[in-house]
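Here is the structure we will look at.
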Amino acid sequence: MMTLFAAARDEMFSILLSHELTPPHGFALTMLRDGPLRMRDMADRMTCDASYITSVVDRLEETGLAERRASPIDRRVKEIALT
């Protein structure tokens, strides 16, 4: 089981690296598969500071993989969505 996990992990890291992304970027993209997510919620799930999420999302926007947008419920809140 560990061999399979290590092989899958190495392949995922290789794919991320080919797009100049890191594992946290991959984790963020995985969370967005189910739909837009508030930046605060992403920080909570990744157990990190919201300011770090800003840099993760900045890079995802630079690569065209995700975008920030105003929440339809509360325009003061920013959501992240896959493009």
- Query: Just going by the charge dipole of the chain, with Lys and Arg at +1 and Asp and Glu at -1 on Cβ, which of 55, 5, 21 is farthest out on the positive end?
  - Reply: 55
- Contact order relative to length of the chain, as percent, for alpha carbon pairs under 8 angstrom and 6 or more apart: 26 percent
- Item | Separation of the residue 82 and residue 44 label points, Cα + 7 Å toward Cβ, nm | 2.3 nm
- Note on the structure: Rounded to the nearest 10 degrees, the helix 2-18 long axis (Cα) sits at an angle to the longest Cα principal axis of the chain of 60 degrees
- What size of dipole, in debye to the nearest 20, comes out for the chain about its Cα centre when the only charges are +1 on Lys and Arg C-beta atoms and -1 on Asp and Glu C-beta atoms? 300 debye
- Query: For the Cα atoms of the chain, what angle does the longest principal axis make with the long axis of helix 50-62, in degrees from 0 to 90, nearest 10?
  - Reply: 80 degrees
- Taking amide H positions as placed 1.01 Å from N in the peptide plane, with prolines and chain starts having none, which residues 5 or more places from residue 66, or on another chain, fall under 5 Å of its amide H? 61, 83
- Query: Where only protein heavy atoms count, and the probe is 1.4 Å, what is the accessible area per residue for the chain in Å²?
  - Reply: 69 Å²
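The values are calculated or read from the model by the stated rules, or taken from the named source; none is laboratory data. Source: prediction; values computed, not measured. No Cβ is skipped: glycine too gets one built from the backbone with ideal geometry, and neighbour counts run over all protein chains shown. Please note that ligands, DNA and RNA were not included when accessible areas were found on the heavy atoms of the full protein model with its side chains. Shrake-Rupley method; radii C 1.70, N 1.55, O 1.52, S 1.80 Å.
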